[in-house]
Structure formats: structure tokens, C-alpha cells
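Have a look at this one.
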Amino acid sequence: MRPHLVLVHGSRLASSQWLPLLEGAVSVGLVDLPGHGSRDGERFTLARCVEVIDEAFDAAPAGAPVVLVGHSLGGYVAMAYAAERGARLDGLVLAGCSATPTGPGAAAYRVVAAVTERIGPDRMTRFNNRVLRRLYPAELIEPVIADGYYFTPTPDAWRAVMTHCRPAMLQGLQCPVLVLNGQWDQFRLGVRSVLRVLPHARVRTIAGASHLSNLDRPEAFAEEVVAFATSLS
């Protein structure tokens with residue numbers, strides 16, 4: 001059977017960040033994390049994230065290899081899921097989440113969260129829209145913008161990540177792992193830490209892409225993920 005991808009989005013966005021480019025060679029299940037998208041209003045906790053991803057796995061086609069794909073916040077959540085439910089995974093893709101969320105990087109996110117709260121969601125939304133529309137073509141970014149941004153869960157989400165999510169939690173994970181980063185992604189700097197825990201993980205870098213590699217170079221991102229997923233079946 002075709003592999004089935006369970007896709008987990010990044011911070012402040014929702015499942016609309018994923019593009020139909022990943023469909024065809026694989027089937028796709030989309031996840032909205034608590035506090036985001038269709039789950040706006042739910043409180044973000046890692047325990048609830050595990051439940052939500054479990055539901056997505058339960059909905060996968062019977063007999064299909066299931067690959068969990070997490071980007072940024074979704075990648076750290078995917079680590080937490082894999083640590084608890086590793087036996088359910090046929091493969092794991094960690095995109096834009098190689099850096100261990102401690103030290104200066106963690107401090108930077110605390111500052112961003114505080115600034116976001118101070119500025120307020122309306123002004124942050126206008127700012128985000130201007131930036132994204134300058135960076136990406138309308139046909140690519142307007143569906144993402146239309147789904148909105150989810151600022152409220154950010155402090156809880158990143159507090160949970162910084163407290164609990166580490167590459168070390170994947171010690172002993174048996175399924176194949178792809179570590180995928182944009183060339184200019186600041187989170188790429190932690191790849192060696194991941195490889196110390198998962199020495200057999202595959203590492204791929206998307207040339208010319210930043211942290212939002214699936215938007216910067218969507219075809220290349222899709223090609224890497226689909227190639228990894230189909231290699232497992």
C-alpha cells in the first residue's frame with residue numbers, strides 16, 4: 001500500500017501549512033495541535049498532543065506504513081509522541097527541530113513570546129501577513145494566511161517543548177528517522193546532537209531554504225519526504 005503521512009504543523013500555524021504536493025505517491029492525514037486550527041480553544045499540553053496524534057494514526061488506512069512528519073513545534077511534539085508510542089511508527093521525519101531547545105535559543109523564544117503578547121494578536125497578524133506576502137507567491141501563501149494564526153497557545157507550547165523535548169527522549173527508537181532541515185535554518189545547528197542519539201538517522205538539507213523549508217522550496221521538501229516514506233514500504 002501507499003505510505004500514509006501524519007503531518008504535524010509548526011508554531012502559530014495550523015494544518016493549512018501543508019501543501020497538496022505531498023499527495024499522490026502517499027496518502028495524508030492532517031493534524032491540528034491543541035490551540036490551533038480546528039482545535040482553537042483547547043489548551044496546549046503534550047499529553048493532549050499525543051492523544052490527537054493517536055487519533056490521526058487510528059484513522060490511517062489499514063495496513064499502510066505510517067510515517068509521522070513534524071515541522072518545528074510539530075517536530076518536537078513528534079519527538080514526544082515517538083518517545084511514548086514508538087511502536088506505532090514505521091518512520092519519523094523531524095523537520096526544522098534539530099536544535100535542543102535550551103540555553104540562548106530557548107531564551108530567544110521566551111522573548112519572542114513576550115513581545116507577541118505585548119504587541120497583541122491583531123498587530124502581529126498584520127505584520128505576519130505583510131512578511132509572508134513579500135516572501136511567497138499568492139497561490140502558495142494565501143491558503144495559509146486565510147486559516148489565520150494561533151498566538152494564544154504559544155507560551156504553553158514552547159514552555160512544554162523547552163521543559164520536556166530533547167533528542168535524548170528518542171533513545172532506543174527502532175523506526176527509520178529522517179532529519180530534514182533548510183540550509184539556512186537556525187534549528188539545523190543541533191543535527192549532531194540528534195545523531196548522537198540516533199546514529200543511523202538519515203540527514204538531508206534543502207538548499208536555499210530557511211526554517212519554513214516546506215514553503216521556501218515545497219517541491220524539494222515533498223520530494224525528500226515522499227522518497228523517505230516510499231523507501232520504507
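The values are calculated or read from the model by the stated rules, or taken from the named source; none is laboratory data. Because the structure is a prediction, the values reported are computed rather than measured. In this analysis, Cβ positions are derived from the backbone assuming ideal geometry, glycine residues included, and neighbour counts consider all displayed protein chains. Accessible surface areas use protein heavy atoms only, side chains included; no ligands, DNA or RNA. Shrake-Rupley method; radii C 1.70, N 1.55, O 1.52, S 1.80 Å.
Residue-by-condition table, conditions (1) part of a loop (DSSP other than H, G, I, E, B); (2) at pLDDT 95 or above; (3) under 17 Å from the mean Cα position of the chain (by Cα):
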position: CYS49; (1), (2), (3): no, yes, yes
position: ASP54; (1), (2), (3): no, yes, yes
position: GLY70; (1), (2), (3): no, yes, yes
position: ALA87; (1), (2), (3): no, yes, no
position: LEU92; (1), (2), (3): no, yes, yes
position: ALA113; (1), (2), (3): no, no, no
position: PHE127; (1), (2), (3): no, no, no
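Continuing with the same structure: Within the bounds of segment 110-131, is there any residue that is of a type in the set (Phe, Trp, Tyr) and surrounded by fewer than 17 Cβ atoms within 10 Å (Cβ to Cβ)? Write out each step before concluding.
Restricting attention to segment 110-131, the residues satisfying the condition of being of a type in the set (Phe, Trp, Tyr) are 127.
Those left that are additionally surrounded by fewer than 17 Cβ atoms within 10 Å (Cβ to Cβ): 127.
Yes; the residues of segment 110-131 include at least one that is of a type in the set (Phe, Trp, Tyr) and surrounded by fewer than 17 Cβ atoms within 10 Å (Cβ to Cβ).
Turning to a different aspect of this structure: Keeping to segment 73-96, report how many residues are under 19 Å from ALA229 (Cα atoms) and crowded, with 21+ Cβ neighbours inside 10 Å.
Of all residues in segment 73-96, those under 19 Å from ALA229 (Cα atoms) come to 74-75, 78-79, 81-82, 85-96.
Okay, now just the ones that are also crowded, with 21+ Cβ neighbours inside 10 Å, so 74-75, 78-79, 81-82, 89, 91-96.
Total satisfying the criteria: 13.
Could you tell me which of the residues ALA157, ALA107, ALA99 is small (Gly, Ala, Ser) and either open to solvent by 60 Å² or more (accessible area, probe 1.4 Å) or more than 17 Å from the chain's Cα centre (by Cα) (or both)? Steps first, answer last, please.
On the way: ALA157 fails: either open to solvent by 60 Å² or more (accessible area, probe 1.4 Å) or more than 17 Å from the chain's Cα centre (by Cα) (or both); ALA99 fails: either open to solvent by 60 Å² or more (accessible area, probe 1.4 Å) or more than 17 Å from the chain's Cα centre (by Cα) (or both).
Only one candidate qualifies: ALA107.
Scan segment 54-69 and give yes if some residue there is free of Cβ contacts under 8 Å to residues at least 24 places away in the same chain and either surrounded by 15 or more Cβ atoms within 10 Å (Cβ to Cβ) or under 26 Å from ARG166 (Cβ atoms) (or both), otherwise no. Before the answer, list the steps.
We begin by selecting, within segment 54-69, every residue free of Cβ contacts under 8 Å to residues at least 24 places away in the same chain; these are 55, 58, 62.
Cutting the leftovers down to either surrounded by 15 or more Cβ atoms within 10 Å (Cβ to Cβ) or under 26 Å from ARG166 (Cβ atoms) (or both) gives us 55.
The answer is yes; a qualifying residue exists.
Give the residue that is most open to solvent (accessible area, probe 1.4 Å), with candidates limited to residues of segment 177-197 that are out of contact with any Ser or Thr (no Cβ under 8 Å at 6 or more places or on another chain) and not basic (Lys, Arg). First the steps, then the outcome.
Taking segment 177-197 and keeping what is out of contact with any Ser or Thr (no Cβ under 8 Å at 6 or more places or on another chain), we get 177-178, 186, 192, 195-197.
This time we only want the ones that are not basic (Lys, Arg), so: 177-178, 186, 195, 197.
Working: VAL177: 8, LEU178: 5, GLN186: 104, LEU195: 55, VAL197: 23 Å².
Checked segment 177-197; the qualifying residue most open to solvent (accessible area, probe 1.4 Å) is GLN186.
Collect the residues in segment 27-41 that are touching a residue at least 24 places away in the same chain (Cβ under 8 Å), assigned to a loop (DSSP other than H, G, I, E, B), on the phi < 0 side of the Ramachandran plot and surrounded by 15 or more Cβ atoms within 10 Å (Cβ to Cβ), keeping them in residue-number order.
Residues satisfying the conditions are LEU33, PRO34, HIS36.
What number goes with the only condition from (1) within 23 Å of LEU5 (Cα to Cα); (2) surrounded by 15 or more Cβ atoms within 10 Å (Cβ to Cβ); (3) of a type outside the set (Lys, Arg) that GLN171 does not pass?
Against the list (1) within 23 Å of LEU5 (Cα to Cα); (2) surrounded by 15 or more Cβ atoms within 10 Å (Cβ to Cβ); (3) of a type outside the set (Lys, Arg), GLN171 comes up short only on (2).
Among ARG166, ARG134, which is surrounded by 14 or more Cβ atoms within 10 Å (Cβ to Cβ) and charged (D, E, K, R)? Walk me through how you get there before you give the answer.
Working: ARG134 fails: surrounded by 14 or more Cβ atoms within 10 Å (Cβ to Cβ).
Going through ARG166, ARG134 in turn, the sole match is ARG166.
Still on this structure, I have one more. Could we say that LEU21 is open to solvent by 40 Å² or more (accessible area, probe 1.4 Å) and either closer than 21 Å to THR230 by Cα or assigned to a helix (DSSP H, G or I) (or both) here?
The answer is yes for LEU21.
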